[in-house]
Amino acid sequence: MQQLPASSDALVWLRLYQLEAAGRVPKGPRQPLWWTLRAPARPLTYHAVHRMFEHAGTRAGSSATLHALRHTAAYRMAEDPNVPLTDVQFVLGHSQEDVPKSVELRQWPL
């Protein structure tokens, strides 16, 4: 299990989600974080989230993908001078060998 940093806003939304799911999903540190809210509750898989994102994008007229969302998050973290590149690497799950890629990322124009 990977622990990641989160903003206070993200933690508030996570807590609201947990309150909504309370009593319908197992609790515990080794349990998945994300579950379906329809009965029977099942852990959300990457493919299920991918389909939901794709469906929402189609309805909104967007062709954005989850991978594009990951790139956007990486770019925004890397352009913030208060976020060390090592933190960006950690969140993305990259190793030290990826440092040059992260440095290039910080130099991309908007």
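Multiplying the residue separation of PHE90 and SER62 by 0.36 nm and removing their Cα-Cα distance gives an extension gain of 7.2 nm.
Mind sorting THR36, THR58 by how few other Cβ atoms lie within 10 Å of their own Cβ, fewest first? Each step should come with its number before you reach the end.
Values: THR36 15, THR58 10.
Going from sparsest to densest Cβ surroundings: THR58, THR36.
Take every Cα pair under 8 Å in segment 1-86 that's 6+ residues apart, average their separations, divide by the length, and report that relative contact order as a whole percent.
Values: 31 pairs, mean separation 11.0, N = 86.
Relative contact order for segment 1-86 comes out at 13 percent.
For the pair segment 1-34 / segment 51-96, the C-alpha centres are spaced 20 Å from each other. The alpha-carbon positions of segment 8-60 define a convex hull whose volume is 108 Å³ per residue.
Values in this text are rule-based calculations from the coordinates and carry no lab data. Keep in mind that this is a model prediction, so the values were computed, not measured. Positions of Cβ are backbone-derived with ideal geometry, glycine not excepted, and every protein chain shown enters the neighbour counts.
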